[in-house]
1. Just rank 75, 84, fewest to most, by other beta-carbon atoms within 10 angstrom.
2. Going by how many other beta carbons lie within 10 Å of each one, how would you line up 71, 112, fewest first?
3. For a footprinting-style exposure proxy, rank 66, 57 by other Cβ within 10 Å, fewest first.
4. For region 30-141, take every pair of Cα atoms, bin their distances at 10 Å starting from 0, and report each bin as a whole percent.
5. Want the number for residue 61 to residue 88: 0.36 nm per residue separation, take away the alpha-carbon distance, what's left?
6. Show me 129-142, 37-50 ranked by packing, highest mean number of other Cβ atoms within 10 Å first.
7. For a Förster distance of 41 Å, can you work out the FRET efficiency between the beta-carbons of residue 34 and residue 111, rounded to the nearest 0.05?
């Protein structure tokens, strides 16, 4: 009987997980993020993220909306009039989807514009824009 209790306790502890290191949690995304790096790719996939100087900030809200102090429809380091959109998480630690979610900007020339985002374990936010070569921006939570 004692062995059975120890076995059940061990089985229970093995199946328990902690999400203390979970950077993909729903609340991690909510808040303001400042642009710190931009992917520079010559078109052959060998690009790397390079530091940029910009005041560009993107903010995610609990109601599923997103706001940026510039143009949201395409990748830019420029700031200006605010742009809005909506976002949706498409993955969690339990799914195997390429990106963690997508942003649908309001009022783009092309109505099907989508920006995909990842929340890697580094704690940064990466936005992936649709383009021929790699187009990405890295943000740090502020």
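Taken together, the values in this text are just the output of simple stated rules run on the coordinates, not laboratory data. Just so we're clear, the structure is a prediction, and the values are computed from it rather than from any experiment. Don't worry about glycine lacking a Cβ; one is built from the backbone with ideal geometry, like all the others, and counts go over all protein chains shown.
1. Details: 75 17, 84 13.
Sorted ascending by nearby Cβ count, the order is 84, 75.
2. Details: 71 17, 112 7.
So the ranking, lowest neighbour count to highest, is 112, 71.
3. Values: 66 22, 57 16.
Placing the least packed residue first, the sequence is 57, 66.
4. The percentages, shortest bin first, are 14, 48, 33, 4.
5. Values: separation 27, 0.36 × 27 = 9.72 nm, distance 1.11 nm.
Here the answer is 8.6 nm.
6. Values: 129-142: 15.9, 37-50: 13.4.
So the peptides 129-142, 37-50, ranked by packing, come out 129-142, 37-50.
7. Values: r = 29 Å, r/R0 = 0.70.
For residue 34 and residue 111, the calculated efficiency is 0.90.
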